[in-house]
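Shown next, in structure tokens, is the structure this report addresses.
The values are calculated or read from the model by the stated rules, or taken from the named source; none is laboratory data. Everything quoted here is computed from the prediction, not taken from an experiment. All Cβ positions, even for glycine, are placed from backbone atoms using ideal geometry, and neighbour counts span all protein chains on display. Side chains included, ligands, DNA and RNA excluded: accessible areas come from the protein's heavy atoms. Shrake-Rupley method; radii C 1.70, N 1.55, O 1.52, S 1.80 Å.
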Amino acid sequence: MKQVYLFLFLFVFAHALFAQMNVLEASFSDELNGLSGASTAFDLQEVADGYVAVGTTDFPTGAIRTNIRLIKVDRELNVVFDTTYHKGEIQQRIGRAVQPLNDGGFVIVGRSYNNPFVMRVGENLDTLWTKDELIPGGRWDACTLTPDNHLLLAGWTEIGPAYAGTVQKMDFDGNVIWSKIYDFSQLTDIELLDDGTFLTAGAAGFRGLVMKHQANGDTIWTQNISFSKSEVVYDIDATADGDLIFAATGSGFAGPIAFTGKLSASGELQWFASTGFLSAQSVAVESLGFDQLAICGSLSDLYGFSDDGYLALFEEDVSTEPDFSDNFPEGSSAAAMLRDVDGCLVMAGRSSEGFYFRKNCMDVVNTETARIPASGAFVFPQPGDDHVAVGALEPERLPADYRLFNTKGQLVRQGQLIQTEQIISTIDLPTGHYVLQLLYKDEVVQSLPVLITH
């Protein structure tokens with residue numbers, strides 16, 4: 001699944017207190033598209049001016065078709081576009097993940113009947129190509145971009161009576177560059193790391209599974225997760241210190257059990273614990289820095305009739321009650337979550353009406369930096385390519401220092417600013433989101449989001 005945007009770790013202070021959560025929410029019915037009026041979003045990605053989600057439409061009882069639905073909303077959750085693919089066709093297609101492309105279009109992956117399905121759409125949302133016969137049976141569940149501007153797809157296929165996880169590298173025309181099979185597994189998430197290696201997560205038999213791979217798909221290490229039974233790891237995220245956290249769901253006597261845990265960079269299990277919620281699923285996790293993490297999922301009653309979403313903030317090892325808990329309105333739940341460039345947690349899933357979006361923004365009490373006057377600097381162009389410029393620097397604060405961090409909290413560039421407008425080279429940096437930190441006399445005066453595309 002799934003891009004992450006760490007922001008709070010860039011501020012220098014010892015303790016972060018969440019004073020309140022400012023919440024936005026929105027539901028979008030399928031009835032506007034002439035469909036049945038209910039649908040589910042399975043994946044959510046951030047773009048320069050908002051968020052895009054993909055999923056599937058519900059179909060009337062007895063029908064033999066489902067449709068892929070793609071929605072973009074702005075940062076206030078107002079709809080920008082809402083489109084459905086294959087509407088009216090006798091198809092059973094499900095959109096499980098979406099990957100924004102630099103040309104303004106998207107790649108959508110999922111399932112068509114019983115086969116993994118890939119579709120590319122252009123900037124004007126027209127279908128450029130579809131492929132659903134690359135491997136027999138199964139489903140694509142995740143997709144991401146590589147540093148050399150190709151696609152990595154993760155999912156599973158059916159080989160005889162068993163399942164096998166699969167990863168394919170593909171160009172933007174849908175041509176397969178290489179394909180790997182990982183026996184007796186199902187893959188649900190893929191996470192690209194800054195050194196070109198990548199992680200996959202899912203299940204192997206009745207145990208959760210996390211693997212790390214070389215850029216060519218060869219396995220570096222494998223870690224199985226077993227706490228109750230039938231665990232599935234749905235989401236994995238790298239932390240600022242280079243470790244890995246994951247969200248998983250297992251089975252218990254009273255229903256599903258939500259878990260989370262942490263692995264070292266070498267795959268060693270550091271801790272694994274239940275979130276403490278009864279009859280709950282854990283589907284997405286985000287590292288917040290300062291040994292805190294956010295988990296979202298759904299809560300069910302003992303009979304499985306309700307499926308309401310939740311968001312919880314925990315200390316890292318989940319050994320205490322959550323620092324903050326937010327229950328969604330009845331009938332609303334989350335299937336995906338990201339941390340945006342502003343530090344907000346944005347979730348997508350379903351409500352009784354259709355696609356559901358929820359945005360929780362945290363007001364951080366920071367006594368160390370609250371006394372520092374704000375700077376009026378800005379970064380342009382956005383997105384940048386080979387370089388970006390920092391403008392409107394205040395002469396009385398020059399020379400100043402800058403630090404550029406990637407989304408894992410790793411320092412990728414630093415230097416000194418001596419002019420009120422100065423260019424910073426980004427030609428060797430991978431496409432992605434960054435945060436530029438400006439310092440004057442060793443004090444942080446401003447942190448600015450930066451988007452790089454090549």
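Residues that are in a loop (DSSP other than H, G, I, E, B) and among the charged types (D, E, K, R) were ranked within segment 120-139; the one that is farthest from Arg69 (Cα to Cα) is Glu133. Quick one: would you say Ser298 is at pLDDT 80 or above, open to solvent by less than 10 Å² (accessible area, probe 1.4 Å) and of a type in the set (Ser, Thr, Tyr)? Judged against the criteria, Ser298 is a match. Tell me yes or no: at least one residue of segment 410-431 is under 29 Å from Glu191 (Cβ atoms), under 28 Å from the mean Cα position of the chain (by Cα), basic (Lys, Arg) and not in a strand (DSSP E or B). Checked against the condition, which is being under 29 Å from Glu191 (Cβ atoms), under 28 Å from the mean Cα position of the chain (by Cα), basic (Lys, Arg) and not in a strand (DSSP E or B), segment 410-431 yields no hits at all. Looking only at segment 203-234, residues that are over 16 Å from Phe272 (Cα atoms), outside any strand (DSSP E or B) and charged (D, E, K, R) come to 1 in all. Counting the residues of segment 84-119 that are in contact (Cβ under 8 Å) with a residue 24 or more places away in the chain and either open to solvent by less than 30 Å² (accessible area, probe 1.4 Å) or part of a loop (DSSP other than H, G, I, E, B) (or both) gives 24. For Ile71, indicate whether it is under 20 Å from the mean Cα position of the chain (by Cα), at pLDDT below 90 and crowded, with 18+ Cβ neighbours inside 10 Å. For Ile71, the condition - under 20 Å from the mean Cα position of the chain (by Cα), at pLDDT below 90 and crowded, with 18+ Cβ neighbours inside 10 Å - is not met.
Per-residue answers, yes or no, for (1) of a type outside the set (Val, Ile, Thr); (2) at pLDDT 85 or above; (3) open to solvent by less than 50 Å² (accessible area, probe 1.4 Å); (4) in contact with a helix residue (DSSP H, G or I) (Cβ under 6 Å, 6 or more places away or on another chain):
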residue: Arg403; (1), (2), (3), (4): yes, yes, no, no
residue: Leu417; (1), (2), (3), (4): yes, yes, yes, no
residue: Glu421; (1), (2), (3), (4): yes, no, no, no
residue: Thr426; (1), (2), (3), (4): no, yes, yes, no
residue: Glu443; (1), (2), (3), (4): yes, no, no, no
residue: Leu451; (1), (2), (3), (4): yes, no, yes, no
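The single condition among (1) touching a Leu at 6+ places or on another chain (Cβ under 9 Å); (2) under 30 Å from Ile245 (Cα atoms); (3) not in a strand (DSSP E or B) that Phe405 does not meet is (3).
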